[in-house]
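One structure below.
Laboratory data are not the source of any read-out in this text; all were calculated from the coordinates shown. Source: prediction; values computed, not measured. Counting neighbours? That spans all protein chains shown, and the Cβs are built from the backbone with ideal geometry, glycine included.
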Amino acid sequence: MREQYELIVIRHEDLLETAKTMKDEGARLVQICSVSTKEGFELSYSFAKGYDFINYRIVMDADTQITSISDFYPSASLYENEMSELFGVKIEGMQLDYRDQLYMIDAETPFKGGN
Amino acid sequence: MGKRTIVPFGPQHPVLPEPIHLDLVLEDEKVIEAIPSIGFVHRGLESLISKRDFNDYLYVIERTCGICSFMHGMGYCEAVERIFDVEIPDRAKYLRTIWCEMSRLHSHLLWLGLLADAFGFEALFYQCWRMREKILDMFEASTGGRVIFSVNKVGGVLKDMDSAMLKGFVAEFDSMEADVRKLTKVFLKDYTVKSRLKDVGILTKEEAIQLGAVGPMMRASGIELDTRRLGYCAYGDLDFDIITSNDCDSFGRCKVRIEEIFQSFSLIRQAVDKIPEGNIVVPVKGNPDGEAFVRVEQPRGEAIYYVKANGTKFLDRARVRTPTFTNLSPLIKILQGCDYADVPLLILTIDPCISCTER
């Protein structure tokens, strides 16, 4: 049996509102995944309500800055630090900002498009 | 307020089989804050998609970790199969289920051994790992490997197990179950063990949800969720209850993992009884085009595989969100306020796999 899930594209400006709605509905944040594209990034914010699996997709250019959802989901900090350090996604307002020290690696944003 | 000191913990520490670093902010003997740093075994496996085609990449992804290697390969294959919209044969689903549960068994026994070693019960550690060796022997007999198995393939599995082998395994598990039951009594009844685990590392149900705990870490906080309930592989045909505990402490996590060992024995028996005859692989031609998310219940909890393909033999992205990565936030929480002496045990109770976390 194959799991069915939703994939909903949202604007990056709607991210906080979406996270708040998910939080109010009791959903768990299960992952944030970044993909480097030619234009910038594709971010997937995945939530689970019970066994329902809902993914929100943000497509944005490399210069766009998004706001951290760690005020609603403290566990987002690790994913956001990972996206920031490995991909170079610009994120403001992280509750826990490791300032490029979560991964003890020499390469700067090794997974950024074009690297 | 007592004197504050920052104590570096790891990356090399006797209790850590793999490197992770924590800066522990102590006030006298109490931990006020724990700040983790990872990356000591970061290998950039996810970036190798640009150098290996999607079939070869399977052998990369299963090297993410030496304990969950089977499930990493399987989760990746399920994601690619989903993009191809390929249904694998029923026999392959059952074989994958059996190997998944054997992985869970050897992972939980490994963890019990490490836990025993951490609180100084060396004989118990050896006994747990002696049991685990038997499962590795069975892996070797059925796949040819003891750590990396390479039996998954996009479209099914590469090796079959005949009925004599399956019955032999069940007989071995029957005798092992009695031995494991004797062993686990020590973990559940011994005064010393209880004194180290009971009421230590409390993670409430609300905190577990808020901080993204998964697997036994989550279920030991009273949350009844198990990704196997989604019915992937043959799990939809098998009967099992979700094992939870309302203890919310280290003892609860230990209890959940122990009960999951016996559950795995039961699931393997059921799978062997119900496994159908037939092919073990279907041909898959061409290159994948599209994307897919797949969730799998690893021994440490829910793992998420994401694959994005572009119609060529090289993928755009392959990502694994491993259970330990998401269990780091709960770990930071349970370390706050604990005694310094409990830090090694608390790190162990999340059953950390740093190779998985860093990839």
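Dipole of the protein assembly as shown, Cα-centred, from +1 at each Lys and Arg C-beta and -1 at each Asp and Glu C-beta, to the nearest 20 debye? Walk me through the intermediate numbers first.
On the way: 56 positive and 72 negative charges, 184 e Å.
For the protein assembly as shown, the charge dipole is close to 880 debye.
Sorted largest first, the principal axis extents computed over the alpha-carbon atoms of the stretch A:6-92 equal 35, 23, 20 Å.
Can you order the peptides B:61-69, B:178-186, B:138-146 by their average number of other Cβ atoms within 10 Å per residue, highest first? Don't jump to the answer; show the numbers that get you there.
Details: B:61-69: 23.3, B:178-186: 14.8, B:138-146: 17.2.
Packing proxy ranking, top to bottom: B:61-69, B:138-146, B:178-186.
The ratio of the alpha-carbon radius of gyration of the protein assembly as shown to the globular-protein estimate 2.2 N^0.38 Å is 0.95. Model label sites at B:D179 and B:D28, defined 7 Å from Cα along the beta-carbon direction, differ in position by 4.7 nm. Dividing the Cα radius of gyration of the stretch B:112-163 by its Kirkwood radius returns 1.19 for Rg/Rh.
With +1 assigned to the C-beta of every Lys and Arg and -1 to the C-beta of every Asp and Glu, and no other charges, what is the dipole magnitude of chain A about the Cα centre in debye, to the nearest 20?
Details: 11 positive and 21 negative charges, 62 e Å.
For chain A, the charge dipole is close to 300 debye.
In the protein assembly as shown, helical runs assigned H by DSSP with n ≥ 4 each contribute -39500 (n - 2.57); averaged across all residues and rounded to the nearest 500, the mean residue ellipticity at 222 nm is -12500 deg cm²/dmol. Relative to the longest principal axis of the Cα atoms of chain A, the long axis of helix A:15-24 lies at roughly 40 degrees. Sorted on the mean count of surrounding Cβ atoms within 10 Å across their residues, most packed first, peptides A:61-71, B:102-112, A:6-16 read B:102-112, A:61-71, A:6-16. Taking +1 at the Cβ of each Lys and Arg and -1 at the Cβ of each Asp and Glu, which of B:A171, B:Q127, B:L230 sits farthest along the dipole of the stretch B:44-326 towards its positive end, judged by Cα position relative to the Cα centre? In the stretch B:44-326, that residue is B:Q127. Mean partner shielding of peptide B:209-215, defined as the number of other chain Cβ atoms within 10 Å of each residue Cβ, is 5. Distance from the Cα centre of the stretch B:280-359 to that of the stretch B:193-219, in angstrom? Cα centroid of the stretch B:280-359 versus Cα centroid of the stretch B:193-219: 19 Å apart.
Within 10 Å of each Cβ in peptide A:26-33, how many partner chain Cβ atoms are there on average? Round it to a whole number, please.
Values: counts 1, 1, 12, 6, 8, 13, 1, 8.
Across the residues of A:26-33, the mean count of other-chain Cβ atoms within 10 Å is 6.
Treat chain B as a sphere of radius equal to its Kirkwood radius over Cα pairs and apply Stokes-Einstein at 25 °C in a medium of 0.890 mPa s; give the translational diffusion coefficient in µm²/s, rounded to a whole number.
Stokes-Einstein gives a translational diffusion coefficient of 117 µm²/s.
One Cα centroid belongs to the stretch B:4-30, the other to the stretch A:42-115; the line between them spans 26 Å. In the structure shown, the pairs A:K20/B:K308; B:K134/B:K274; A:K23/B:K93; A:K38/B:K333; A:K23/A:K90 are assessed against 30 Å; a Cα-Cα span above that value is assigned to A:K23/B:K93; A:K38/B:K333. Please report, to two decimal places, log10 I(q)/I(0) for the stretch B:131-189 at q = 0.12, 0.19 Å⁻¹ as given by the Debye formula with identical point scatterers on the Cα atoms and no solvent. Log10 I(q)/I(0), no solvent term: -0.39, -0.78. In summary, the helical segments of chain B meeting the span-like criteria, namely a full DSSP H run, a Cα extent along the axis of 20 angstrom or more and a mean Kyte-Doolittle hydropathy of at least -1.0, are B:69-84, B:90-118, B:122-143, B:163-189, B:250-274.
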